[in-house]
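The values are calculated or read from the model by the stated rules, or taken from the named source; none is laboratory data. Everything quoted here is computed from the prediction, not taken from an experiment. Because the Cβ atoms are built from the backbone with ideal geometry, glycine has one as well, and the counts that use them run over all protein chains shown.
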Amino acid sequence: MVEPMFHRVFDEPAVVGSAFEISGAEAKHAISVKRMRVGEAIQVTDGAGVRVRGAVDAINGNKLVVRVSESVHEPAPALQLTLVQALAKGDRDELAIQAATELGVFEVTPWQADRSISRWIGLKEDKGVERWQTIVSEAAKQSLRSWVPVVTAPIESSGLQALIDSFDLVLVLDPTATSGIASTEIPKSGRVALIVGPEGGISEDELKQAEQFGAVRVHLGEPILRTSTAGVAAISAILTLSGQWS
């Protein structure tokens with residue numbers, strides 16, 4: 001059985017043989033939802049590479065005590081993939097970032113594209129980022145990742161150049177592109193971004209700008225995928241082509 005994972009900030013390194021407490025919402029989830037019992041195996045991470053394995057040593061009211069059996073710091077992945085996901089109506093964008101996190105993206109950037117129906121205006125921006133961060137954090141726990149993706153501040157199309165300039169390679173999903181994603185040379189390391197448009201697709205102006213700034217337009221074959229699934233398919237291809245799944 002795979003040990004369930006929980007998040008905790010460590011002020012000091014967790015030493016084998018020592019014990020620490022989990023409190024708050026994480027402890028409540030462990031006790032009331034996961035029904036953790038004394039002696040059961042557990043994993044705890046700080047979301048920045050620390051992975052602690054141990055067992056539940058005691059349950060004191062609404063707090064969980066964990067006895068450490070192993071503590072490691074896992075390096076950040078050599079290939080750091082960022083999903084630039086356009087805002088979409090309903091929960092399609094949320095489904096996209098959840099699945100992308102389970103696959104291993106390192107960062108998520110919300111994009112208010114020209115054709116995005118959903119809009120984060122004013123206070124909705126902070127709330128939107130907070131909600132997305134909660135979604136990717138929970139997805140990271142579910143997939144037992146020691147690195148939790150960071151959700152950055154949202155960008156508009158006017159910020160595409162600055163975004164593209166900050167990566168080693170930027171791929172733009174475009175069903176009208178002349179090259180398929182499999183024909184693109186994907187590096188084994190470095191910073192790579194994948195731009196996924198909204199339901200109505202990426203506008204011609206945005207496509208031209210992205211290409212002008214150095215991004216590469218690629219397609220995923222004949223099927224036209226929804227914004228909730230296109231990124232997932234492309235990320236799987238990137239991980240395969242870069243040798244991450246070899």
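Identify, from the list Gly201, Gly197, Gly214, the residue that is surrounded by fewer than 18 Cβ atoms within 10 Å (Cβ to Cβ), over 30 Å from Glu3 (Cβ atoms), touching a residue at least 40 places away in the same chain (Cβ under 8 Å) and assigned by TED's automatic domain parsing to the domain that holds Ala88.
That would be Gly214, the only listed residue that is surrounded by fewer than 18 Cβ atoms within 10 Å (Cβ to Cβ), over 30 Å from Glu3 (Cβ atoms), touching a residue at least 40 places away in the same chain (Cβ under 8 Å) and assigned by TED's automatic domain parsing to the domain that holds Ala88.
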Any hit, region 166-185, residues being among the charged types (D, E, K, R) and at pLDDT below 95: yes
Residue match in region 37-47 (condition: in contact with an Asp or Glu (Cβ under 8 Å, 6 or more places away or on another chain) and small (Gly, Ala, Ser)): yes
Flag if Ser143 is assigned by TED's automatic domain parsing to the domain that holds Ile202, of a type in the set (Gly, Ala, Ser) and closer than 20 Å to Leu81 by Cα: yes
Answer from Gly61, Gly90, Gly24 - the residue that is in the same structural domain as Ser236 (by TED's automatic domain parsing) and at positive phi: Gly90
Residue count for region 1-21, restricted to those that are within 24 Å of the chain's Cα centre (by Cα) and either surrounded by 15 or more Cβ atoms within 10 Å (Cβ to Cβ) or touching a residue at least 40 places away in the same chain (Cβ under 8 Å) (or both): 8
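Residue-wise test of (1) among the hydrophobic types (A, V, I, L, M, F, W, C); (2) closer than 18 Å to Thr152 by Cβ.
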position	(1), (2)
Val68	yes, no
His73	no, no
Gln80	no, yes
Ala86	yes, yes
Glu94	no, yes
Ala99	yes, no
Val105	yes, yes
Filtered residue count, region 123-145, keeping only those that are free of Cβ contacts under 8 Å to residues at least 24 places away in the same chain and either touching a His at 6+ places or on another chain (Cβ under 6 Å) or hydrophobic (A, V, I, L, M, F, W, C) (or both): 1
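Considering only residues that are of a type in the set (Val, Ile, Thr), without any contact (Cβ under 8 Å) to a residue 60 or more places away in the chain and buried (at least 16 other Cβ atoms within 10 Å of the Cβ), which ones fall in region 217-234?
Val218
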Among (1) basic (Lys, Arg); (2) crowded, with 19+ Cβ neighbours inside 10 Å; (3) closer than 24 Å to Gly243 by Cβ - the single one Lys141 does not satisfy: (3)
